[in-house]
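Since the structure comes first, as structure tokens, the remarks are kept for the end.
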Amino acid sequence: MDKINIEPQAFDSVLNKEGVPCILQALQEKLSALKYWDEESIESAVREVASSLQIKGGQIIHPTRVSLSGKKVGPGLFELMVALGQSKTVKRLKEAIEKIKEVKK
């Protein structure tokens, strides 16, 4: 089963915040279009999304980590994304967005 359990506290304090679904959506689109799936390419994609949305790195990195691992702390985010692979990373971001939207209803 590929569904991950997002810790409730991580969800409330990191994901369930104004603007997070838009950030994750922008990142998901950027990542799904990447040709090379390595730490360098992923990191520059994340930084590009952050600068285009005029947000700090942490504002994109924290929600992304929780979306992918279900936890607030963990291995390096870019290493984690490489290990998960492109399609799984994109899928988990999508699932996190859906989960946030459900809670907001």
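The values are calculated or read from the model by the stated rules, or taken from the named source; none is laboratory data. Computed from a predicted model, the values in this text were never measured in an experiment. Positions of Cβ are generated from backbone atoms using ideal geometry, with glycine treated the same way; all protein chains shown enter the neighbour counts. Ligands, DNA and RNA are stripped out before the accessible areas are found, and what is left, the full protein with its side chains, is counted by its heavy atoms. Shrake-Rupley method; radii C 1.70, N 1.55, O 1.52, S 1.80 Å.
Numerical summary
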read-out	value
Meets criteria (without any contact (Cβ under 8 Å) to a residue 60 or more places away in the chain, open to solvent by less than 80 Å² (accessible area, probe 1.4 Å), touching a Pro at 6+ places or on another chain (Cβ under 7 Å) and under 22 Å from Val103 (Cβ atoms)) for Val20	no
Subset of region 44-55 [open to solvent by 70 Å² or more (accessible area, probe 1.4 Å) and either assigned to a helix (DSSP H, G or I) or under 23 Å from Glu7 (Cβ atoms) (or both)]	Arg47, Glu48, Ser51, Ser52
Region 47-65 residues that are over 12 Å from Val20 (Cα atoms) and free of Cβ contacts under 8 Å to residues at least 40 places away in the same chain, paired with ones that are in a helix (DSSP H, G or I) and charged (D, E, K, R) (beta carbon under 6 Å, 6 or more apart)	Val49/Lys30
Scan of region 23-39 for residues that are more than 17 Å from Val82 (Cα to Cα) and either open to solvent by 70 Å² or more (accessible area, probe 1.4 Å) or out of contact with any Pro (no Cβ under 7 Å at 6 or more places or on another chain) (or both), ordered by number	Gln25, Ala26
The listed residue being β-branched (Val, Ile, Thr), touching a residue at least 40 places away in the same chain (Cβ under 8 Å), within 14 Å of Lys99 (Cα to Cα) and assigned to a helix (DSSP H, G or I), out of Val82, Val14	Val14
